[in-house]
Amino acid sequence: MIKLENIQKVFRTEEVETVALGGVSLEVQKGEFVAIMGPSGCGKSTLLNILGLLDNPTSGTYYLDGEEVGRLKESQRTKVRKGQIGFVFQSFNLIDELNVEENVELPLTYLGVPKKERKARVEEVLRRMAISHRAHHFPQQLSGGQQQRVAIARAVVMNPKIILADEPTGNRDSKNGLEVMQLLTQLNQEGTTVVMVTHSERDAGYAQRVINLLDGQIVPEVSL
Amino acid sequence: MNVLKSLNQRGQHNWIKIVCLAVGLATGIVLIGKAGFEQSWDNFFPTSDRIYVVCEDWVLEGEYKHYPKTAGAIAPGLERYCPQVEAATRYTDFAWDMPIVTEEDKRVCTNYALVDSCFFDVFPFRVLAGDSKQALSRVDYCMVSRSLAEKLGGDVMGRIVFFNKRGGWALTIGGVYEDIPLNSKLHNLQVMVSMPTITKITFDGRENWVGNDRYESYVRLAKGVGADDLKPQIEKMKQENLPLEDLKKAGVELDFSLQPLAEFHTHDEDTRRMTWILSILAVVLIGCAVMNYLLLVIGGISRRAREMAVHKCYGAGSYHIYRKVMSESAVHLVLSLALASLLLFFFKDTIEELTGTPLLLILKLDSNVFMILLTCLVVLLITGMVPSWIYTHIPVAAAFKNYTQSHRIWKMMLLGLQFASATFLIVLLMVVGRQYRMMINDDTGYDYSSLGIMKVDGVSGGQRQLVVDELRKLSAVKGVTMSYANLTEGQSGDNIYLPEDDHEYMNIADLFYVGDGYFDVLGIPVISGQTFTEQTDTLREVMVSRKFEERMRELAGWDQAVGKQIHCTSFDGLYTIVGVYENTRLGSITHPDPRASVCFYSQNADYMHYIIIRFHTMDGLKEANQVVKELVTDNPDIAIIPYNQMIIGLYSDARRFRITVMIGGVVALIIALIGLIGYLAGEMARRQKEIAIRKVNGARTRDVLYLFQADILKVALPAVLIGALCAWYVARIWLEQFSEKSSLPPLMFLVCVLAVTAIILSVVCIGCYRVSNSNPVNYLKNE
């Protein structure tokens, strides 16, 4: 489903050139649950951004479902991303001015899903995430765990093929973290491909495969 | 719904944006409206493109003069000679702000003109009652405007009204016409007295081909005919009717030209200049508000960029971002317009006083509606498109990575433009204020510091003399005199000839008659010869101005004026010059009458229009007015007013412009300072860690303040200099309308530049003080 070949990402400023990814090649199969681990600054988030089509690599090729997507313009990336990829961020990135229901509904709005269907799908996913009772609350009125569940609900409401999670339990206590990981595992078991960036060995334990990054390079893969 | 929710979004300062935009739009809309109103004159009726003002073009001693009035016979002459003329008419004003009085003694001050019966053939104004042809053909008949008819009691047809006072000259109302709109050259026609009545009022010059050129003449041309097509017929009319040989001998060439009525006001140099300046002010003020809006948008961009990135992550494309931001901007604009409407409503009276035009009339004009809508559209496009463009160009990944790009150059540019705008208006205000002060303290050539003046039209000669005699008895009164002319108005013209010489030497301003002690009371110095003394009205004596003497030195080779004889066209026979008086200002600085002047003596109070009183101090005015009230019981409108008040009234346009610029300047400065505060708040948030580290390493509060002041100064100083330079340029254009201009001293500009800079730096100090003075640990902890 995902195939990266010799992906490089270099950030240049006037004075400094930083190599964030130095020739990364990897494959993720459909329905796989992959964890990306490594120390701070090793390029995990950069890799996730490229996988999520939020950024283009400086060089190398990226195939998504067999299509080269590494050189797309922003507008083309948006098209490919739409409905295919769901994001779960460490800091949730919920929109403060929208309530829970509206935050979750957001991707469906951009997909042009009719209002009635949107409502039904949002209700269903909120029920699944056990936060229906908070549907009309605003993010500031929720606990951290609830916010993360909303963020996951938003990521899955459009039934994406891939979920990209960036430190999904980073801001959680162990109980909430466990809940999040169980949700991601459940989604994966239902057929969604999950790629997760984490620092946590415990969270990585939920993945079928761990990719270790160091200084922008993949270190030997460990099969679990 | 979400758009409305976003109004209270933290860090976006949406209400500040809306309020600033509302203030900018309110002032801008008024200025645009006023400029549009000035450009709408006389182009609103169906045949306006075919109506022309007949003008005289004189060449005298090689000097060309264009005069928009003619002698009485010209308009009917054009109709006779030119088959292309469908209709022609003429009118002449004869009384301004004079009461019209009903039999029930209801008094309304109004303007009077003698109008011929063809008026409504040329102008398609609606006649609401009566037959205009008949009413304007019968002696002592008149027509009145609808609003005047309403003030007089409504049903006025056939009623008798009196000129100035009940029981005086009676007129029968024979018709009512729809009010002539304010944006028309003919607006002042409120009482149209039939032209044949002229014999009862003034010299009958209806058949004059040359001289007594007091008639406003108009023609309506056939479709497809241009003004130039009439030239051969006009030439023929001149050859057959004008004393061309005599004129040639007198050194005069006279021709006639037609000026489109629709261009008469709009193409006037003063109108164009004012329209241009008002438009600049409008652009500056609206621009200031828009720049402030963008500045606040950019200030809150890091937070907003993250939100937009979330939208993009979940499928929002550029179109969605544009649509979202544009709809927010549209809501902001709608709310701003609503607030602007409230401001206009609450300050309606002030606005109408400043513009001299009803607000509703300004806003209702089609051209203004279009301009205002266009302005709103441009504002919407800028306030919507620019932020949208910025948001769509921030990479999603960068937005999530704690996007802290400062956009400092953009912010500085916007701030700079705002500073320049505010400085522009403040410097302009200084120039306008300086010119205004100069005008109201103008050296007119006479002393009006403790002078009072009273218009005595409608008061009998006997009463006038009685008032003069009684006022002279008051201890508060130093002297009293009478005059035919008011020096602050334009004067009638007369031509000067010398004995046994048919050469016309010059056209002068004829002050006609003055009474005893005129020069003493007004404080006009007599520089050679003597003043009039009693009994000299039988001695055929005249006094002339210094300019008269100087001109005659050039034209006739005189060594001195005293003792010379002249013939003045309004007076039969020769008069001997007995004295020369110092030049005085005739008219105003805005509309000066630059001609030399002459005056004659008369004891006859019937010839006079004004009584002029010199007080010891103006405290005596009340007592003097009490005397007038007791003596002139049949005319309650008669009163002495301070001469100074009349001078101030001459410059009401400049006063209004000064207040307009002042409001604009204050608004622009406040908006700019709000923008600055917003910018500083953003910079404080962005640089709080830097400030904290600096403080930990020994920086004092003043060092931190200096850091920000130096930063702002880099943009503020060039901006205020540019603003001052632009103000200097516009001020020069504005000053062109005055015959006497105040100087533009560099020191004034320097003071303004320094003052604006000082205000800016003070705001920087206040805005940065809290963060600069706080414990750095707080900010490092946050990091």
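The values are calculated or read from the model by the stated rules, or taken from the named source; none is laboratory data. Note that the structure is predicted; figures quoted are calculated from it, not measured. Cβ sites come from the backbone with ideal geometry, for glycine too, and all protein chains shown count toward neighbours. Heavy atoms of the whole protein, side chains included, go into the accessibility calculation; ligands, DNA and RNA do not. Shrake-Rupley method; radii C 1.70, N 1.55, O 1.52, S 1.80 Å.
Test A:V125 against the criterion of being away from every other protein chain (no Cβ under 12 Å), closer than 26 Å to A:L51 by Cα, open to solvent by less than 20 Å² (accessible area, probe 1.4 Å) and out of contact with any strand residue (DSSP E or B) (no Cβ under 9 Å at 6 or more places or on another chain), and give yes or no.
Considered against the rule, which asks whether it is away from every other protein chain (no Cβ under 12 Å), closer than 26 Å to A:L51 by Cα, open to solvent by less than 20 Å² (accessible area, probe 1.4 Å) and out of contact with any strand residue (DSSP E or B) (no Cβ under 9 Å at 6 or more places or on another chain), A:V125 comes out as yes.
If you take just the helices (runs of 4 or more DSSP H) that sit entirely in the stretch B:98-190, which of them hold at least 3 residues that are out of contact with any helix residue (DSSP H, G or I) (no Cβ under 9 Å at 6 or more places or on another chain) and farther than 19 Å from B:I201 by Cα?
Fully inside the stretch B:98-190 and qualifying: B:146-151.
I need the full set of residues from the stretch A:62-91 which are without any contact (Cβ under 8 Å) to a residue 40 or more places away in the chain, open to solvent by less than 50 Å² (accessible area, probe 1.4 Å) and more than 8 Å from chain B (Cβ to nearest Cβ), in order please.
A:V69, A:L72, A:R77, A:V80
Considering every residue within the stretch A:162-174, establish whether at least one is modelled with pLDDT under 85, touching a Ser or Thr at 6+ places or on another chain (Cβ under 6 Å) and away from chain B (no Cβ under 14 Å).
No: the stretch A:162-174 contains no residue that is modelled with pLDDT under 85, touching a Ser or Thr at 6+ places or on another chain (Cβ under 6 Å) and away from chain B (no Cβ under 14 Å).
Show me the strands (runs of 3 or more DSSP E) entirely contained within the stretch B:546-618 in which 2 or more residues are over 28 Å from B:F738 (Cβ atoms) and in contact with a Gly (Cβ under 9 Å, 6 or more places away or on another chain).
Ranges flagged: B:574-581, B:610-615.
Looking at the stretch A:82-120, which of its residues are over 20 Å from the mean Cα position of the chain (by Cα) and among the aliphatic types (A, V, I, L, M)?
Matches in the stretch A:82-120: A:L98, A:V113, A:A120.
Within the stretch A:119-134, count every residue that is in a helix (DSSP H, G or I) and of a type in the set (V, I, T).
2
Kindly indicate the residue of the stretch B:560-601 that is of a type in the set (G, A, S) and open to solvent by 10 Å² or more (accessible area, probe 1.4 Å) and also farthest from B:P499 (Cα to Cα) among those meeting that condition.
Checking each candidate, the answer is B:S570.
With the condition kept exactly as written, say whether any residue in the stretch B:410-422 is open to solvent by less than 70 Å² (accessible area, probe 1.4 Å) and within 14 Å of another protein chain (Cβ to nearest Cβ).
So far as the stretch B:410-422 goes, no, none of its residues is open to solvent by less than 70 Å² (accessible area, probe 1.4 Å) and within 14 Å of another protein chain (Cβ to nearest Cβ).
I'd like to know if the stretch B:66-83 contains one or more residues that are of a type outside the set (D, E, K, R), open to solvent by less than 50 Å² (accessible area, probe 1.4 Å) and farther than 19 Å from B:D213 by Cβ.
Yes, the stretch B:66-83 has at least one match.
Identify all residues within the stretch B:301-315 that are facing chain A (nearest Cβ under 8 Å) and open to solvent by 50 Å² or more (accessible area, probe 1.4 Å); write none if there are none.
Selection gives B:R306 alone.
All but one of (1) in a strand (DSSP E or B); (2) among the hydrophobic types (A, V, I, L, M, F, W, C); (3) under 21 Å from the mean Cα position of the chain (by Cα) hold for B:M646, so report the exception by its number.
Tallying (1) in a strand (DSSP E or B); (2) among the hydrophobic types (A, V, I, L, M, F, W, C); (3) under 21 Å from the mean Cα position of the chain (by Cα), B:M646 fails exactly one: (1).
Check A:V104 against each of (1) away from chain B (no Cβ under 13 Å); (2) in a helix (DSSP H, G or I); (3) at pLDDT 90 or above and name the one condition it does not meet.
Unmet condition: (1).
Under 6 Å between Cβ atoms, at least 6 apart or on separate chains: pull out the pairs that start in the stretch B:77-96 with a residue that is closer than 8 Å to B:V219 by Cβ and end on any residue that is in a helix (DSSP H, G or I) and charged (D, E, K, R).
B:V85/B:E79; B:A87/B:D121; B:A88/B:E79
Tell me the residue from B:Q709, B:Q737 that is open to solvent by 20 Å² or more (accessible area, probe 1.4 Å) and modelled with pLDDT of 85 or more, please.
From the options B:Q709, B:Q737, the qualifying one is B:Q709.
Do you know which residues across the stretch B:276-300 are more than 21 Å from B:Q12 (Cα to Cα) and either modelled with pLDDT under 90 or within 14 Å of chain A (Cβ to nearest Cβ) (or both)?
B:W276, B:I277, B:L278, B:I280, B:L281, B:V284, B:L285
Considering only the stretch B:191-210, state which residues are within 15 Å of B:A95 (Cα to Cα), in a loop (DSSP other than H, G, I, E, B) and open to solvent by 50 Å² or more (accessible area, probe 1.4 Å).
Result: B:I201, B:F203.
Does A:L94 satisfy the condition of being within 9 Å of another protein chain (Cβ to nearest Cβ), under 27 Å from B:R323 (Cβ atoms) and surrounded by fewer than 18 Cβ atoms within 10 Å (Cβ to Cβ)?
Answer is no for this residue.
Of the residues that sit in the stretch B:10-29 and are open to solvent by 20 Å² or more (accessible area, probe 1.4 Å) and touching a residue at least 12 places away in the same chain (Cβ under 8 Å), which one is nearest to B:R656 (Cα to Cα)?
Among them, the one singled out is B:T27.
Quick check on the stretch B:221-237: of everything there that is assigned to a helix (DSSP H, G or I) and within 37 Å of the chain's Cα centre (by Cα), which residue is nearest to B:W209 (Cα to Cα)?
By that ranking, first place goes to B:I234.
From the set of residues in the stretch B:623-633 that are crowded, with 16+ Cβ neighbours inside 10 Å and over 14 Å from B:V477 (Cα atoms), which is modelled with the highest pLDDT?
That would be B:L631.
Of B:G445, B:G356, B:G452, B:G384, which residue is out of contact with any helix residue (DSSP H, G or I) (no Cβ under 8 Å at 6 or more places or on another chain) and touching a residue at least 60 places away in the same chain (Cβ under 8 Å)?
Result of the check over B:G445, B:G356, B:G452, B:G384: B:G445.
Restricting to the stretch A:174-207, count the residues that are over 22 Å from A:L51 (Cα atoms) and surrounded by 15 or more Cβ atoms within 10 Å (Cβ to Cβ).
Summing the residues that are over 22 Å from A:L51 (Cα atoms) and surrounded by 15 or more Cβ atoms within 10 Å (Cβ to Cβ) in the stretch A:174-207 gives 4.
Can you name every residue in the stretch A:135-167 that is surrounded by 21 or more Cβ atoms within 10 Å (Cβ to Cβ) and in a helix (DSSP H, G or I)?
A:Q147, A:Q148, A:R149, A:V150, A:A151, A:I152, A:A153, A:R154, A:A155, A:V156
Can you find a residue in the stretch A:172-179 that is farther than 22 Å from A:L47 by Cα, part of a helix (DSSP H, G or I) and among the acidic types (D, E)?
Yes, the stretch A:172-179 contains at least one residue that is farther than 22 Å from A:L47 by Cα, part of a helix (DSSP H, G or I) and among the acidic types (D, E).
Kindly provide the set of residues from the stretch B:476-492 that are among the polar types (S, T, N, Q) and either open to solvent by less than 20 Å² (accessible area, probe 1.4 Å) or without any contact (Cβ under 8 Å) to a residue 60 or more places away in the chain (or both), ordered by number.
Answer for the stretch B:476-492, where residues must be among the polar types (S, T, N, Q) and either open to solvent by less than 20 Å² (accessible area, probe 1.4 Å) or without any contact (Cβ under 8 Å) to a residue 60 or more places away in the chain (or both): B:T481, B:S483, B:N486, B:T488.
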